[in-house]
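One structure is given here, and the rest of the page talks about it.
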Amino acid sequence: MILIVDFGSQYIQFIARRIRESKVYCEVYPFHKITEQLIEEFSPRGIILSGGPASVNDENAPKIPDWIFNLRVPILGICYGFQYMAHFFGGIVKKSDNREYGKAHLINIEDCILLNGACDFGCNQIWMSHGDVMTLCPKDFKIAGWSNRHPAVIINEKRKLYALQFHPEVAHTQDGVKILNNFIYKICGCLSDWTMRSFQDDAIAKIQNQVGDGSVISAISGGVDSSVSSTLIHKAIGNQITCVFVDNGLTRLGEVEQVEKSLRSLGMKLIIKDASDLFLKRLKGVVDPEKKRKVIGVTFIEVFKTVADGIGGAKFLGQGTLYPDVIESVTVFGGGTAPIKSHHNVGGLPAHMDMELVEPLRMLFKDEVRILGKELGIPDDILGRWPFPGPGLAIRIFSQEVTPYKLELCRKADAIFTQEVRKAGLYNKIWQGFAGIPPGRTVGVMGDERTYDYTFALRAVISTDGMTADAFEFPQGFINSVVTKIINEVPGLNRGYYDYTSKPPGTIEWE
Ligand code: XMP
């Protein structure tokens, strides 16, 4: 295992990803959580110190305990981690006018295990992002590589201490993966044996240990995460798990039936609670996006709690929480990022219900969950489904009240769009796609008659994690023909748009 110490790096997930992709297990901990007990439990083969926004010369610069450097475990510092090590061992780090942001090149490379095979042809591109620079190399370290301006690699091979001023974890660093692999395999001696099979066996044993003969209740959305998490729990404890699907009336066409069919095919106990009338009643007159989300979130918790009480007090709550939700890169100077939307998912439940969480996926990334799901025999149509938000179609009928009529228009337009995307063989090329209903009506003419009807908007994006996104470029004529088809087949709609906005500045959903 590799332990990654987070000093507030914006790239922290990339470091973890690169290590996992090399089939070595790693976990991320914020710098202030590094204790002797953690190190003892974790027993890392190597430690990586991440980058971060602070300066080692700041009065409140983030620190780790000094004894870390006496563990005789190889350590790799990255960016702030580089400066931290240089400063700790007596080097000098200073603010510089000669800052480096973006592309640079690694030159004057010394022969060493860390850079072995990585920079054979010299002048390799690296990615820099730092304001401070090291102006004096600590004693017992040597400079093993330079950028065009500053020392970029320092090493103390005897003590197995290594540091990079640049970021090997980002794709812009040409041989970054090779450098990280040299560290984990050649220096730390890790084996590339962490697979989903080994994860699965381990997770099953952990669930059995935690739950014993207790019962688990699990909220199901029909999406990848809750399906895989529930299936894994089911594999571990069989019928001690009951899945609950709350039908909020804001689902896509045929969704409830589809969820029921796929979950039953996986052999799980499933309760479907139809609460659509209650949700729609509560949403009456609600236009403000944040208010909509709050109403839906609160109602969901209320309904779920009633169902849970009805089946006689399960002690455990199963959730499909993923690693990106768990790793919250530390904010070194306090203050979080500005909330854009209050996402609704089952995250609000534990606080309202006195239950212990069972979260078998909390150490996995989304693509790892898909691999695990495949191993568990979950069909591809569940694993590859486009994400669908907790508040459902309510946030796609935007800037207006949600009514049954508009829900019907939205459902039909969405189903045709999705079906046409599938027919064109584009479903798996798109990260997420959907139709929504903008506010207001427009005038049109159909069969010599004037129409005054609602409109629809289509959106399809490509993305890797939903944090940023670009509009998908459909082949010429595709949107044109889908718009025509929807208008022809859905009475009540007379005009269609395609949303070309990327994220940022837009978001994927309209509200
Ligand atoms: P935005 O609109 O924030 O969406 O760019 C990013 C991704 O998150 C989904 N989304 C949600 N998922 N509960 C969820 O479970 C929510 O409240 C929610 N809001 C947005 C959205 O569909 C996209 O995949």
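The values are calculated or read from the model by the stated rules, or taken from the named source; none is laboratory data. Predicted model, so just to flag it, every value in this text is computed and none were measured. No Cβ is skipped: glycine too gets one built from the backbone with ideal geometry, and neighbour counts run over all protein chains shown.
Just to be sure, is Gly425 surrounded by fewer than 16 Cβ atoms within 10 Å (Cβ to Cβ), assigned by TED's automatic domain parsing to the domain that holds Ile301 and either of a type in the set (A, V, I, L, M) or assigned to a loop (DSSP other than H, G, I, E, B) (or both)?
No.
Which residue is modelled with the highest pLDDT, if the candidates are limited to segment 325-370 and must be surrounded by fewer than 18 Cβ atoms within 10 Å (Cβ to Cβ) and of a type in the set (Val, Ile, Thr)?
Val326
Are any residues in segment 85-142 in contact with a strand residue (DSSP E or B) (Cβ under 8 Å, 6 or more places away or on another chain) and acidic (Asp, Glu), and if so, which ones?
Matches in segment 85-142: Glu100, Glu110, Asp132, Asp140.
Residues of segment 73-130 being small (Gly, Ala, Ser), under 17 Å from Asp175 (Cβ atoms) and loosely packed, with under 15 Cβ neighbours inside 10 Å, which ones?
If the condition is that a residue be small (Gly, Ala, Ser), under 17 Å from Asp175 (Cβ atoms) and loosely packed, with under 15 Cβ neighbours inside 10 Å, then Gly117, Gly122 are the ones that fit.
Pro475 - would you say it is away from the ligand (no atom under 16 Å from the Cβ), part of a loop (DSSP other than H, G, I, E, B), surrounded by 13 or more Cβ atoms within 10 Å (Cβ to Cβ) and not small (Gly, Ala, Ser)?
no
Does Leu407 satisfy the condition of being of a type outside the set (Phe, Trp, Tyr), outside any loop (DSSP other than H, G, I, E, B) and within 16 Å of the ligand (Cβ to nearest atom)?
no
Tell me which residues, restricted to segment 63-89, are out of contact with any Asp or Glu (no Cβ under 9 Å at 6 or more places or on another chain), in a loop (DSSP other than H, G, I, E, B) and not aliphatic (A, V, I, L, M).
Lys63, Arg72, Pro74, Cys79
Would you say Asn70 is of a type outside the set (Phe, Trp, Tyr), assigned by TED's automatic domain parsing to the domain that holds Leu38 and without any contact (Cβ under 8 Å) to a residue 60 or more places away in the chain?
For Asn70, the condition - of a type outside the set (Phe, Trp, Tyr), assigned by TED's automatic domain parsing to the domain that holds Leu38 and without any contact (Cβ under 8 Å) to a residue 60 or more places away in the chain - is met.
From Leu372, Leu361, which residue is closer than 30 Å to Lys206 by Cβ, more than 16 Å from the ligand (Cβ to nearest atom) and either touching a residue at least 12 places away in the same chain (Cβ under 8 Å) or not in a loop (DSSP other than H, G, I, E, B) (or both)?
Answer to the check: Leu372.
Give me a count of the residues in segment 186-229 that are away from the ligand (no atom under 16 Å from the Cβ), under 22 Å from Lys315 (Cβ atoms) and not acidic (Asp, Glu).
Counting residues in segment 186-229 that are away from the ligand (no atom under 16 Å from the Cβ), under 22 Å from Lys315 (Cβ atoms) and not acidic (Asp, Glu) gives 14.
Got a sec? Which of Ile109, Ile78, Ile92 is of a type in the set (Val, Ile, Thr) and at pLDDT below 95?
Ile109
Looking for something farther than 18 Å from Tyr80 by Cβ and modelled with pLDDT of 95 or more - is there at least one such residue anywhere in segment 159-170?
Yes: one or more hits.
Could you count how many residues in segment 487-508 are more than 15 Å from the ligand (Cβ to nearest atom) and crowded, with 19+ Cβ neighbours inside 10 Å?
Here the count works out to 5.
If the requirement is being out of contact with any His (no Cβ under 9 Å at 6 or more places or on another chain) and surrounded by 17 or more Cβ atoms within 10 Å (Cβ to Cβ), which of these qualifies: Val5, Val56?
Val5
What's the total number of residues in segment 446-472 that are within 16 Å of the ligand (Cβ to nearest atom) and surrounded by 12 or more Cβ atoms within 10 Å (Cβ to Cβ)?
Of the residues in that region, 14 qualify.
Only one of (1) touching a strand residue (DSSP E or B) at 6+ places or on another chain (Cβ under 6 Å); (2) surrounded by 13 or more Cβ atoms within 10 Å (Cβ to Cβ) is not met by Glu511, so which one is it?
(1)
Of a type in the set (A, V, I, L, M) and in contact with a Pro (Cβ under 7 Å, 6 or more places away or on another chain): which single residue out of Ile217, Ile233, Ile271 fits that description?
Every option except Ile233 fails the conditions.
Go through (1) modelled with pLDDT under 95; (2) over 28 Å from Gly377 (Cβ atoms); (3) of a type in the set (Phe, Trp, Tyr) and name the single condition Tyr185 misses.
(1) is the only condition that Tyr185 fails.
Can you pull out every residue in segment 18-46 that is in a helix (DSSP H, G or I) and in contact with a helix residue (DSSP H, G or I) (Cβ under 9 Å, 6 or more places away or on another chain)?
Once the filter is applied, which keeps residues that are in a helix (DSSP H, G or I) and in contact with a helix residue (DSSP H, G or I) (Cβ under 9 Å, 6 or more places away or on another chain), segment 18-46 yields Arg18, Ile19, Arg20, Glu21, Glu36, Ile39.
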